[in-house]
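K.L.:
Okay, here's the structure, questions in a sec.
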Amino acid sequence: MNLAASLTLISVSYNSAHIIEEHLSCSQLIPAHQRPRHIVVDNESKDGTVPLIQKQFSAVDIIANQDNRGFGTACNQGIQASETPYVLILNPDTRFDQKSLEILLTELIANPNAAIAGPDVAEGSTREGVESVDWVIGAAILMDKEKIKPLGFFDEDIFLYAEETELYVRVKKSGQDIIQVFDSKMPHIGGASSEENAETLYFLSWHRGRSHRIAATKHPDHFMGLEAYLRKQRRTYWINRFKGNRARMVTARGKIDGALAETPQPKKLISF
């Protein structure tokens, strides 16, 4: 199998300078004649991510956005720039090697009804085999472009969270399969692009709420209805206000505000 001719790697970065060097180094260990093209789509990082890549990884192609366009839109940019039949969406805190790429791609090709495959991203996992599943973890998503293209790839109205889950629902509704390939190991460290202060927590929770509303509107048979979702979050908010748990209050309030918002981005953090 010629990985270079079949596969493009796409990583979306946002303030990922502290983690992306090890991620991109994985590509450099693959022999040049087999090495897939690697595209990094950067969402307006402020920590020197782009200069770092330019200096240390000249073979990596960079799409440097001048604003944060969200995960799904950035993925679509990378997919549009790719020229291979398969693309692998990777978080910048994943690790991979030639063998893990070959196993994952081989299994997707060997399953003619499968449109998406995911590796085993659990660090230290010893699971084996291939299973048909409803979803795979969004840290590593292998796509057959020809099968996904009629579905529209990621919904760009979803800025953050649920973008991959909503796509999985469309894939399953189309009659195609999603497979989990446990023999392909790509450890995911987690927590590459966010810091858990109150403002960040509210921002992320706001987008969780907004994304849930969009997904639930499109697929009411797969996502909790908006009214039930709001009741759940309001209950969580008041319970934790009584307990004095500020972090959970911020989370619940963010989800409520996001689910009800008419704008694509939140206002500044409100007072609690």
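K.L.:
What order, most packed first, do the peptides 1-14, 234-247 have when packing is the mean number of other Cβ atoms within 10 Å of each residue? Please list the in-between numbers first.
P.N.:
Details: 1-14: 20.5, 234-247: 13.3.
In decreasing order of mean packing, 1-14, 234-247 become 1-14, 234-247.
K.L.:
Same structure again: For the stretch 12-96, which GluC sites (Glu not before Pro) are in a loop by DSSP, counting at most 15 other Cβ atoms within 10 Å?
P.N.:
Passing sites in the stretch 12-96 are Glu44, Glu83.
K.L.:
Would you mind putting 130-141, 24-35 in packing order, based on average other-beta-carbon counts within 10 Å, highest first? It would help to have the intermediate numbers written out before the result.
P.N.:
Details: 130-141: 17.8, 24-35: 14.3.
Top to bottom by mean Cβ count within 10 Å: 130-141, 24-35.
K.L.:
Still on this model: Lysines near Lys46 by alpha-carbon distance under 17 Å, same-chain residues fewer than 8 away left out - which ones?
P.N.:
Lys55
K.L.:
Can you check how the C-alpha radius of gyration of the stretch 198-260 compares to 2.2 N^0.38 Å, as a plain ratio? Walk me through the intermediate numbers first.
P.N.:
Working: Rg = 11.6 Å, N = 63, 2.2 N^0.38 = 10.6 Å.
Normalised Rg, Cα atoms only: 1.09.
K.L.:
Another one. Is the C-alpha gyration tensor of the stretch 167-230 telling us rounded, prolate or oblate? Criteria: a/c under 1.5 is rounded; beyond that, a/b larger than b/c is prolate, otherwise oblate. Mind dumping the intermediate values first?
P.N.:
Numbers: a/c = 3.44, a/b = 1.08, b/c = 3.20.
Since a/c reaches 1.5 but b/c is at least a/b, the shape of the stretch 167-230 is classed as oblate.
K.L.:
Sticking with this one: Non-local amide H neighbours of Ser184 (under 5 Å, H modeled in plane, Pro and chain starts lacking H): which ones?
P.N.:
Amide H to amide H, under 5 Å and 5 or more residues apart or across chains, Ser184 pairs with Asp120.
K.L.:
With n ≥ 4 as the cut-off for DSSP H runs, can you work out [θ] at 222 nm for the chain, using -39500 (n - 2.57) per run divided by the number of residues, rounded to the nearest 500? Intermediate values should be presented prior to the final figure.
P.N.:
On the way: 10 runs with 117 residues, N = 272.
Estimated from H runs of four or more residues: -13500 deg cm²/dmol.
K.L.:
Enumerate the whole-percent occupancy of each 5 Å bin, from 0 to the last occupied one, for all C-alpha pair distances of the stretch 110-229.
P.N.:
2, 10, 18, 19, 18, 17, 11, 4, 1, 0
K.L.:
With θ taken as phi - 60° and the coefficients 6.51, -1.76 and 1.60, list the Karplus ³J(HN,Hα) couplings across the stretch 142-158 in order, rounded to whole Hz; mark glycine and proline as x.
P.N.:
Karplus-based 3J(HN,Hα) across the stretch 142-158 equals 8, 10, 8, 4, 4, 7, 7, 3, x, 8, x, 6, 7, 6, 6, 6, 8 Hz.
K.L.:
The stretch 73-110 to the stretch 160-225: how many Å between their Cα centroids?
P.N.:
Distance between centres, Cα-based: 18 Å.
K.L.:
Based on the Kirkwood radius over alpha-carbon pairs, what value in µm²/s does the Stokes-Einstein equation return for the translational diffusion coefficient of the chain at 4 °C and 1.567 mPa s?
P.N.:
Numbers: Rh = 19.5 Å.
Reported coefficient: 66 µm²/s.
Just so you know, all these numbers are worked out from the coordinates, no wet-lab data involved. Just so you know, these numbers come straight off a predicted model, no measurement behind them. Virtual Cβ from ideal backbone geometry, glycine too; neighbours counted across all protein chains shown.
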